[in-house]
Every structure is written in C-alpha cells, then in structure tokens.
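A.B. asks: Structure provided below as structure tokens; questions to follow.
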Amino acid sequence: MTAFQTPRLTIRPFQLDDLDALAAIAGDPAVMRFVGDGQALSRAACAEWIARSRENVDRHGYGTAAVLDRASGALIGWAGMARPLEGGEELIYGLSRAWQRRGLGREILNGLIGAARERGATGLRALIYPDNHASAAMLTRAGFTLADTAYEGEDDTHLYVLELA
C-alpha cells in the first residue's frame, strides 16, 4: 500500500524502526481487547507482524501500515488491509489508547476505502466483536452492512461488508 494522508494522519508501510512504538501499542490489553483473540501482543509477535506486513506490501501491493500523527510524526496505531488465507481484503485498524475517541477511526476508514477504490478493489470486509459498538457504528456510517452475525461459526465475530463496484 502506498502511503496516504488524511487531515490529521499519515498512513505508510511499516518500517523496521517502528517496532518499539508498535510493541507499546499492541502490548496494551485495552487496545487489543477487540483485536484478534483479544490478547496483547509480545514484542516478538510485533516484529513478525511488521515483517509480514512488509512482505504483503511487496507481494500484494498492500498490507497493514503504520498510522502516524501528522503534527508530531509519532506512530499512534496501525491500519490497512489484511489478506486472509481465504482471500479477500479485510480492513484492520487500531489506535493507541491516548489517541482513541478523537474521530481518527473515521479518517482511517475513509482513507482505506479510498485506497481500495484506487486499487480497483470490488469489495471490503471487516470482522468485529459484537460488543465493539463504536466500530460497528463507524462501519455502518461508512456504508458497510452486517452480513453475518456468526462468521465462520463464531458467535463472537460479526462480518461487515462493503461493495465498491
């Protein structure tokens, strides 16, 4: 994924020196509550995440990226499109606790939708926990629809989809 900017953010591919900042963010259980299995990530897991994201950008042209505050240049989260094993493009995003509840999620989401359209994607999806009401509302406002309330048989995973074509 090439870098793009929103009014307050820069989203760019991860760099190796992003490890410390990403490990601090993803190591916070409150930040990771609605991500993956809901568990904080170790520094080693974050290093693997950065490596895989860089490989995905090289191989597929997109992946997970660093989210930077434009004013300070600080890494404050992640955002991007993951390529699940079954294919398809899945949006993922997260912000450090200090940067949540500022409307930045909407900026990230709109930027990711725009980047997907520029690449010619025909649709996007997002998986969220049912009690992640803020993300559900944000996705719905952006035009996503709830497609499945037990995605892959998991009662704790809701699938939202957006057709871009």
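The values are calculated or read from the model by the stated rules, or taken from the named source; none is laboratory data. Given the structure is predicted, the values throughout are model-derived calculations rather than measurements. With ideal geometry, Cβ positions are generated from the backbone for all residues, glycine too; neighbour counts draw on all protein chains shown.
A.B. asks: Give me the helices (runs of 4 or more DSSP H) completely within segment 1-101, filtered to those with at least 3 residues that are touching a residue at least 24 places away in the same chain (Cβ under 8 Å) and surrounded by 13 or more Cβ atoms within 10 Å (Cβ to Cβ), ordered by residue number. Lay out the reasoning, then the answer.
C.D. replies: Values: elements: 19-26, 29-32, 43-60.
Once the helices (runs of 4 or more DSSP H) in segment 1-101 are filtered for at least 3 residues that are touching a residue at least 24 places away in the same chain (Cβ under 8 Å) and surrounded by 13 or more Cβ atoms within 10 Å (Cβ to Cβ), what remains is 19-26, 43-60.
A.B. asks: Then there is this: Looking only at segment 111-129, which residues are surrounded by 13 or more Cβ atoms within 10 Å (Cβ to Cβ) and either touching a residue at least 60 places away in the same chain (Cβ under 8 Å) or assigned to a helix (DSSP H, G or I) (or both)?
C.D. replies: Selection gives GLY111, LEU112, ILE113, ALA115, ALA116, ARG117, ARG119, ILE128, TYR129.
A.B. asks: Which of the residues belonging to segment 136-165 are in contact with a strand residue (DSSP E or B) (Cβ under 8 Å, 6 or more places away or on another chain), surrounded by fewer than 19 Cβ atoms within 10 Å (Cβ to Cβ) and in a helix (DSSP H, G or I)?
C.D. replies: Selection gives ALA136, THR140, TYR151.
A.B. asks: Being modelled with pLDDT of 95 or more, within 19 Å of ALA136 (Cβ to Cβ) and of a type in the set (A, V, I, L, M, F, W, C) is the requirement here; does ALA66 meet it?
C.D. replies: Details: modelled with pLDDT of 95 or more: yes; within 19 Å of ALA136 (Cβ to Cβ): no; of a type in the set (A, V, I, L, M, F, W, C): yes.
Answer is no for this residue.
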